[in-house]
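Please read the structure below before turning to the comments.
The values are calculated or read from the model by the stated rules, or taken from the named source; none is laboratory data. Quick caveat: nothing in here was measured; it's all calculated off a predicted structure. Cβ coordinates were reconstructed from backbone atoms using ideal geometry, including for glycine residues, and neighbour counts include every protein chain displayed. These area figures cover heavy atoms from the full protein model, side chains too; ligands, DNA and RNA do not enter into them. Shrake-Rupley method; radii C 1.70, N 1.55, O 1.52, S 1.80 Å.
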Amino acid sequence: MKKYFIIPVFFCLFFSCQKKYEVVMPDTATWSMFNDPAALPLTPASRPAMEGVYTLSKGNDIFGDQAAIKWSHTSKGSDTTYHVSGFFGKDIAYFICEGKQLNGSILLNGYWRKMVSTETGIVHLTISAANGAALLLGPGPVITPGSIVIDGFFGTGSENPGTPITLSYIRKLNNSPASFQIAAHRSGGRTSDLLPVSENSVAMILKTPEFGSTGVEVDVRFTKDGVPILYHDNTLNLREVQKSGLVGPIEDYTYDQLSTFVRLVHGEKIPTLREALDAVVYQTQLQFVWLDTKYTSSIAPIHAMQLEYIQKAAAIGRKLDIVIGLPGKDQFNQFLNLADYKNVPSLCELGANESDQINAKIWAPRFTEGTQNELVADEHTKGRKVYVWTVDEPAFITSFINDGHFDGMLSNFPSCVAYNYYVHQ
Amino acid sequence: MPRFARTVIFTLLCFDLFSAAAQDTSFYAKHAAILFPYPMYREKWRSSLGLTLLTTPQDITEEVRLRIPCGDFRLLRRINDHFIIDNRVMFQFLQNHLSTGLHFMLPVNKHIYFSAGDDIGYWFGYLKISGFNSQGSGWLNYPNVALGYKTKNNLLISLRAQVSFNLYYKAANGDNKLSSSTSYYNGETFTIGLEQPFYNKRHLTLGLSAINNYFYWQTWSLFYKTNRKIFYPQITVALIL
């Protein structure tokens, strides 16, 4: 009989193995035309002029029939990096490219990814002079349907792009409601979404505009010595950080200990809230920050930092809303302890009544309650905005945008929200 | 009924006629089996009651890991010496799964047994608590085969391979509804089952399953959209009644 014990033992060993998912980002620096020393940056006017809704006549079997094309940029000192993103309607697909001009043509070089899978690859796109580049690079471009045609190829993995894709401009991007916020969960997406940077990191904050985000939600906790940091889970675990030997609640460690010994899954340091807000204010054009309070002690230190960074943003002419998120009763009660709490910008995840009580700037119901259009309309009459969280199912994202009246949406797939918002008519 | 299904059933009935020689009807007196593909020669009904426990991958379900055991009731109904109907109810009250299917049992010799079957399953769930106003349901199809080995020491070892197809999916959040009737291959499950006498003539079933699916019904409320198969280990412990 004893020999049969080996069967469950083997099975238990098998169960202890975890399947590791991985997206290997392709090397996009191999397009010789794009690397040509004669290739120049695009003109400032050409980028916004290129933005719009495009129809796909080739490649639509992979990406769907439409794309929303949008530019974003981040800055570091005097350096500004521009990316053009194409958001598609199928399988939460997108491409992210850099752009240059060469001999009168516009070249877009980058990668594509499907968020529902691990599929990715290189994409090379061209707008020839006759297909709109002359118009875009000329003075005061006026774009009409069909005046821009983007042609190119995409491949799978690191293979050279060989599958054709063609996009034709059909109309401007939707911008109604104009203040609609595409808020990225955990600053851009979760570890499980297999992005190239870690959730709740400065690197993700700088990456998320490429996914179409106009705002971020970040998770705030305190270290043992009282430093506010970004971290989601209750404990240090291998979902969020690399092996370090440190275990247990993050609140048990000082910031120096965490900074010295702990790295996020992609190697970044756990950022302080100050580092994160510095990145938002000085390096991005993000318009909205949701500070999700993952702790239950005093909210006063976070409020002080909120005021400081609202002032810093205003000082450089930035439009930036920073709100304190209240996910539960404990945080709500702590919020009531703030002097003049009714004038502190907040986002309340509890009911509409609690939002009234604290004069929350935003009421944020969970998506599982549905569109709640009547309640949303009530809140609008009180001057309150309503953001729904956390919507990841593409069919629900489409439905909430088409049938709901929300002012913002939190998602792990901001590119999917961006597609649905920008193509909405 | 599709021609293919008729052909399969006819073939299995032919096996039924020619495999009588391999019957070991004395086996029942000493053994009872739910996972083991042993024909029901003498009894009309056979049942078990137990629990299953599923482990969800931490990188996807994070801190919302399902740790609630799922009740598991199985009821087998004899049709003839080689055919049974396998009925199963898995229940967590907020989410439940019912299945039924026809199974063909073939004794190859006194130690080795084989079965093939096809089950249809229906799951449904409700979540109407603070912040949730969700419900979901769906249909699944589970073709399966099993191979059993009876040791000299009366331990019954079975290996079961099952694939699943998602036939229909419906979910609603408040007034927001979605449904899909696109059927697709959902994944595969491999189970090793061990069954032996346990206490007071009762028999114990221990099943260890490796589930590799795009969608698993116990995770419906997470609404996680993925085209990646997710690995769920599952353990089943049951007493044969």
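Within the stretch B:160-187, which residues are basic (K, R) and without any contact (Cβ under 8 Å) to a residue 60 or more places away in the chain?
Answer for the stretch B:160-187, where residues must be basic (K, R) and without any contact (Cβ under 8 Å) to a residue 60 or more places away in the chain: B:K170, B:K177.
From (1) within 14 Å of chain B (Cβ to nearest Cβ); (2) within 29 Å of A:Q285 (Cα to Cα); (3) of a type outside the set (F, W, Y), pick out the condition that doesn't hold for A:Q101.
Exception for A:Q101: condition (1).
Kindly indicate whether any position in the stretch B:195-207 is within 8 Å of chain A (Cβ to nearest Cβ), polar (S, T, N, Q) and outside any strand (DSSP E or B).
Among the residues of the stretch B:195-207, not one is within 8 Å of chain A (Cβ to nearest Cβ), polar (S, T, N, Q) and outside any strand (DSSP E or B), which makes the answer no.
Quick one: how many residues across the stretch A:128-145 are closer than 30 Å to A:S411 by Cβ and either surrounded by 20 or more Cβ atoms within 10 Å (Cβ to Cβ) or within 14 Å of chain B (Cβ to nearest Cβ) (or both)?
Qualifying residue count for the region: 0.
Which pairs turn up if I take residues in the stretch A:269-286 that are in contact (Cβ under 8 Å) with a residue 60 or more places away in the chain and hydroxyl-bearing (S, T, Y) and look for partners that are part of a helix (DSSP H, G or I) and surrounded by fewer than 24 Cβ atoms within 10 Å (Cβ to Cβ) with beta carbon separation below 7 Å, at least 6 apart in sequence or on another chain?
From the stretch A:269-286, the pairs are A:T284/A:L206.
Rundown of residues vs (1) outside any loop (DSSP other than H, G, I, E, B); (2) within 14 Å of another protein chain (Cβ to nearest Cβ); (3) not polar (S, T, N, Q), yes/no style:
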residue: A:E199; (1), (2), (3): no, yes, yes
residue: A:M204; (1), (2), (3): yes, no, yes
residue: A:K207; (1), (2), (3): yes, no, yes
residue: A:E210; (1), (2), (3): yes, no, yes
residue: A:V216; (1), (2), (3): yes, no, yes
residue: A:G226; (1), (2), (3): no, no, yes
residue: A:I229; (1), (2), (3): yes, no, yes
residue: A:H232; (1), (2), (3): no, yes, yes
residue: A:R239; (1), (2), (3): no, yes, yes
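Being of a type in the set (S, T, N, Q) and either within 27 Å of the chain's Cα centre (by Cα) or open to solvent by less than 20 Å² (accessible area, probe 1.4 Å) (or both) is the filter here; which residues of the stretch A:351-367 pass it?
Matches in the stretch A:351-367: A:S355 only.
Report whether or not A:I92 is more than 16 Å from A:F211 (Cα to Cα) and within 14 Å of another protein chain (Cβ to nearest Cβ).
Criteria not met by A:I92.
The conditions are (1) within 12 Å of another protein chain (Cβ to nearest Cβ); (2) at pLDDT 90 or above, and B:A238 fails exactly one of them. Which is it?
(1)
Which one of B:K229, B:K225 is at pLDDT below 85, at the interface with chain A (Cβ under 9 Å from one of its Cβ atoms), touching a helix residue (DSSP H, G or I) at 6+ places or on another chain (Cβ under 7 Å) and open to solvent by 10 Å² or more (accessible area, probe 1.4 Å)?
After ruling out the rest, the residue left standing is B:K225.
Answer yes if at least one residue in the stretch B:12-29 is outside any helix (DSSP H, G or I), modelled with pLDDT of 65 or more, of a type outside the set (D, E) and open to solvent by less than 30 Å² (accessible area, probe 1.4 Å), and no otherwise.
no
Tell me which residues, restricted to the stretch B:106-118, are open to solvent by 10 Å² or more (accessible area, probe 1.4 Å) and part of a strand (DSSP E or B).
B:L106, B:I112, B:F114, B:A116, B:G117, B:D118
How many residues does the stretch A:241-263 contain that are open to solvent by 20 Å² or more (accessible area, probe 1.4 Å), within 14 Å of chain B (Cβ to nearest Cβ) and under 23 Å from the mean Cα position of the chain (by Cα)?
So the count comes out to 1.
Mind checking which residues of the stretch B:54-74 are open to solvent by 20 Å² or more (accessible area, probe 1.4 Å), at pLDDT 70 or above, closer than 30 Å to A:G189 by Cβ and more than 11 Å from every other protein chain (Cβ to nearest Cβ)?
B:I68 - this is the single residue of the stretch B:54-74 that is open to solvent by 20 Å² or more (accessible area, probe 1.4 Å), at pLDDT 70 or above, closer than 30 Å to A:G189 by Cβ and more than 11 Å from every other protein chain (Cβ to nearest Cβ).
For the stretch B:157-173: of the residues being under 18 Å from B:F114 (Cα atoms) and not aliphatic (A, V, I, L, M), which is farthest from the other protein chains (Cβ to nearest Cβ)?
Out of the qualifying residues, it is B:Q162.
Can you tell me which condition B:I129 does not meet? The list is (1) outside any strand (DSSP E or B); (2) in contact (Cβ under 8 Å) with a residue 12 or more places away in the chain, and all the others hold.
Looking at each condition in turn, B:I129 falls short on (2).
Among the residues of the stretch A:309-335, write down those that are charged (D, E, K, R), within 20 Å of the chain's Cα centre (by Cα) and more than 18 Å from A:E275 (Cβ to Cβ).
A:K319, A:D321
Check the stretch B:188-208 and report whether any residue there is in contact (Cβ under 8 Å) with a residue 40 or more places away in the chain, of a type outside the set (S, T, N, Q), open to solvent by less than 40 Å² (accessible area, probe 1.4 Å) and touching a helix residue (DSSP H, G or I) at 6+ places or on another chain (Cβ under 6 Å).
no
Show me the strands (runs of 3 or more DSSP E) entirely contained within the stretch A:146-194 in which 2 or more residues are open to solvent by 50 Å² or more (accessible area, probe 1.4 Å) and more than 25 Å from A:M204 (Cα to Cα).
A:149-154, A:163-171
Among the residues of the stretch B:33-50, is there at least one that is farther than 24 Å from B:Y216 by Cβ, modelled with pLDDT of 90 or more, part of a loop (DSSP other than H, G, I, E, B) and open to solvent by 30 Å² or more (accessible area, probe 1.4 Å)?
No, every residue in the stretch B:33-50 fails to be farther than 24 Å from B:Y216 by Cβ, modelled with pLDDT of 90 or more, part of a loop (DSSP other than H, G, I, E, B) and open to solvent by 30 Å² or more (accessible area, probe 1.4 Å).
Test A:K76 against the stated conditions and say whether it is of a type in the set (K, R), in contact with a Leu (Cβ under 7 Å, 6 or more places away or on another chain) and open to solvent by 50 Å² or more (accessible area, probe 1.4 Å).
No, not satisfied.
Which of the residues belonging to the stretch A:368-409 are charged (D, E, K, R), open to solvent by less than 40 Å² (accessible area, probe 1.4 Å) and under 12 Å from A:Y421 (Cα atoms)?
Residue satisfying the conditions is A:D407 alone.
Of the numbered conditions (1) in contact with a Ser or Thr (Cβ under 8 Å, 6 or more places away or on another chain); (2) open to solvent by 10 Å² or more (accessible area, probe 1.4 Å); (3) under 13 Å from A:P414 (Cα atoms), A:L206 satisfies every one except a single condition; which is it?
Going through the list (1) in contact with a Ser or Thr (Cβ under 8 Å, 6 or more places away or on another chain); (2) open to solvent by 10 Å² or more (accessible area, probe 1.4 Å); (3) under 13 Å from A:P414 (Cα atoms), A:L206 breaks only (3).
What residue, of B:N176, B:N154, B:N212, is more than 26 Å from B:Y126 (Cβ to Cβ), out of contact with any strand residue (DSSP E or B) (no Cβ under 6 Å at 6 or more places or on another chain) and either within 12 Å of chain A (Cβ to nearest Cβ) or open to solvent by 30 Å² or more (accessible area, probe 1.4 Å) (or both)?
Testing whether each residue is more than 26 Å from B:Y126 (Cβ to Cβ), out of contact with any strand residue (DSSP E or B) (no Cβ under 6 Å at 6 or more places or on another chain) and either within 12 Å of chain A (Cβ to nearest Cβ) or open to solvent by 30 Å² or more (accessible area, probe 1.4 Å) (or both) leaves just B:N154.
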